[in-house]
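So the structure is just underneath, and the comments pick up after that.
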Amino acid sequence: MKIRFQSILLLIAFIVVSFLFYNRINKEQDETDKLNKGLSGLETIIPINGNITIKLINTKVELWCWARYLLGPRYIASKTNNYDSVLTIGTINLKDSLYNAYSKDLKIIWQNSDDQYCYFLSCKQ
Amino acid sequence: MDKTSRLILSISVFLGIVSCIYFICLFFKLPQLLLFAFTILAFFTTYLYIYKENNTFNPITQFTLLHYFLFIICIFILAQNCYNLSLKHGQWDAWAIWNYHAKFLQDSVNWKKLFQSTECDHPDYPLFLPATIAFFSNLLPKNLLLLFPFILSLLFTFLIPYLIYSQLVIKNKFIALLIFYLFCQDVFYITRGVSQYADTPLAFFFLAAFVCMEYADKNKKYIALAALSIGICIWTKNEGSILAFIFILFYANKFFNQRTIFYSIGGFLIPIIALLLFKTACTSSNDMIAAQNIHSFKRLFVKEGSLMIYDSFVKNMNEHFYYLKVGFFIYLILCIFQKRMPDKKIFLLISCTLAYSILYLFSPYGLDWHLETSQNRLMHQLMPAWVYVISLKFCRNKDNVNFYI
């Protein structure tokens, strides 16, 4: 038996692992996917060259990195004064207070919530 | 070089060239048609120049059923580990840096926005991985977008042990199989491999340069191929430039003599063009370099820092690279018994390991944190080349040490 057979075996293993991984990721839901669901619809509102900043209220810091990755190639900064809209993510128990606070001074363009977080995209009125 | 190794090299080098071409086309805003024309040209060039060889060396290697059976078990272990240790979005740097950068590069209009970002984005990181992902993601349907970065990382995780195996199996089947098994069962190697980071591709191209240099005296095209591999190392990660510098220094007589200089330039050309465009016109400076000043050199003489690096190195070695440590000591003992100096390649690798260690002394971050988060990855980049060079020593005397597996 020659090395060619070993290459074919390796290729089969490669295809099988890729296929199993593909099946798994279609079923698996992790925290990033949950956030992705929460932010769904936002990519049609935020222009690719928009200047967006993010505010996290009582949430994990990682959420900024995840949101940035999910909304890429839109650039979302956390520390900037040069922005035209603000994406706010807060824990769900703050939903009403955040809405009241933001709707006074800012225009809420888009909002969403799930069982863990509420999401607002706002801009200056 | 045998056919299997040439196939492995042509696949990987093709990916490297495609990423360079993709970036150059983005940079000069060249039309898609030209990009595809260049890609097809790259495909045929790698196929005809690297894979096809007229005066080919085809060792007739027959394997026993036991060898075949053990090889299948190794593959099974490798496949199972790869599947179990993979994550949907990859590990932290995968989605925070590499796949995130790829999303920018997919957009031929707004890709330069990547370089505006300054917050934990590392826009100065070279683009082999993001550009390759971006190129193929543009061709794939949306439901396969998460799959491709995984496939790419899986490919390099498979190719590293298989390239070493295909190189060793013609010399000593037992050693080849043993080394292949060590990779397949190595949870640390596979975790890093399928993490979707750029460390494993860098490790592969560095290893590929060593493999090519083994054949440089027989065929000058391997000089070009080694140069190309080293060029892609620089195009993969910033650390790649340190490895490339040391590698070129050690092999300067082979790269830059009258007979080979055009081959070397030919090999370096495409990745260096891409890198120069990237470094001069796009990116901000590297955080490590930007943090240096006139007093930085004083850190070289701070004993605590050096001790901390050494302790961390030993800890990582014992935890993740134990078989490399054992192999290295056996190598040294063999050298003593044979009354021979260690190979030049060993000194090259020691220099790379030392250079990586010294780098930490210039870290602008907390040394503890920096060592904890990255030293094992740097060691992972060098590990395949170390394993290859050490195992070559054990394979030299084919007839003496063949266990007929």
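Each reported figure results from applying straightforward, stated rules to the coordinates on display, with no laboratory input. If you're wondering where the values come from, they're calculated on a predicted model, not measured in any experiment. Backbone-built Cβ (ideal geometry, glycine too); neighbour counts: all protein chains shown.
The table below lists the values:
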| item | result |
| --- | --- |
| Cα-based equivalent ellipsoid, chain B: semi-axes from gyration tensor eigenvalues, Å | 32, 27, 22 |
| Reduced Cα scattering model of region B:163-210, Debye log10 I(q)/I(0), q = 0.15, 0.29, 0.30 Å⁻¹ | -0.45, -1.05, -1.06 |
| Positive-end residue of B:261, B:376, B:193, charge dipole of the protein assembly as shown with Cβ unit charges | B:261 |
| Kirkwood hydrodynamic radius of region B:8-101, Cα pairs, Å | 17.4 Å |
| Contact order normalised by residue count of chain B, Cα under 8 Å, 6+ apart, percent | 20 percent |
| Note, ³J(HN,Hα) from phi for region A:68-76, Karplus 6.51, -1.76, 1.60, rounded to Hz, x at Gly and Pro | 4, 5, 5, 8, x, x, 6, 8, 10 |
| Estimated 222 nm signal from helices in chain B, with DSSP H stretches of n ≥ 4 weighted -39500 (n - 2.57), rounded to 500 | -21500 deg cm²/dmol |
| Net charge dipole size for region B:112-270 [Lys, Arg +1 and Asp, Glu -1 on Cβ; Debye, nearest 20] | 540 debye |
| 10 Å Cβ neighbours from other chains, averaged over peptide A:61-73 | 5 |
| Sequence-distant residues sharing a close amide H with residue A:85 (under 5 Å, placed H) | A:51, A:53 |
| Charge context of residue B:262, other residues only, Cβ under 13 angstrom, K/R +1, D/E -1 | +3 |
| Net dipole in debye of the protein assembly as shown [+1 Lys, Arg Cβ; -1 Asp, Glu Cβ; about Cα centre; nearest 20] | 1340 debye |
| D (Stokes-Einstein, µm²/s), Kirkwood Cα radius, region B:201-313, 1.306 mPa s at 10 °C | 100 µm²/s |
| For the protein assembly as shown: Kirkwood Rh in Å [reciprocal of mean 1/r, alpha carbons] | 24.9 Å |
| Length-normalised contact order of chain A in % [C-alpha pairs under 8 Å, at least 6 apart] | 22 percent |
| Viscosity 1.306 mPa s, 10 °C: Kirkwood-radius Stokes-Einstein D of region B:28-174 over Cα pairs, µm²/s | 85 µm²/s |
| In order through region B:79-86: 3J(HN,Hα) via Karplus (6.51 cos²θ - 1.76 cosθ + 1.60), integer Hz, x for Gly, Pro | 5, 5, 4, 4, 5, 5, 8, 8 |
| Overall Cα dimensions of region B:209-250, principal axis frame, Å, largest first | 31, 17, 12 |
| Region A:31-124 - Rg over Rh from alpha carbon coordinates, Kirkwood radius | 0.92 |
| Share of pairwise Cα separations in region B:319-384, more than 17 Å, in percent | 51 percent |
| Size of charge dipole - region A:31-124 - debye, nearest 20, with Cβ of Lys, Arg +1 and Asp, Glu -1, no other charges | 260 debye |
| Amide H within-cut-off set for residue A:117, under 5 Å, with H built and near neighbours excluded | A:92 |
| Dipole of the protein assembly as shown, positive end: most advanced residue of A:113, B:178, A:26 [Cβ charges, Cα centre] | B:178 |
| Sites excluded, trypsin sites (Lys or Arg not before Pro) in DSSP loops with at most 15 other C-beta within 10 Å, longest stretch of chain B | B:53-217 |
| Debye log10 I(q)/I(0) for region B:270-391, one point scatterer per Cα, at q = 0.15, 0.20 Å⁻¹ | -0.87, -1.16 |
| Reference-scaled alpha-carbon Rg (2.2 N^0.38 Å with N residues) for region B:102-230 | 1.27 |
| Unit charges at the beta carbon, dipole of the protein assembly as shown: most positive-side option, B:68, A:87, A:48 | B:68 |
| Note, ³J(HN,Hα) from phi for region B:209-225, Karplus 6.51, -1.76, 1.60, rounded to Hz, x at Gly and Pro | 5, 5, 4, 5, 5, 4, 10, 4, 6, 7, 8, 5, 5, 6, 5, 4, 5 |
| Chain A, helix-only ellipticity at 222 nm - DSSP H runs n ≥ 4, -39,500 (n - 2.57), divided by all residues, nearest 500 | -14500 deg cm²/dmol |
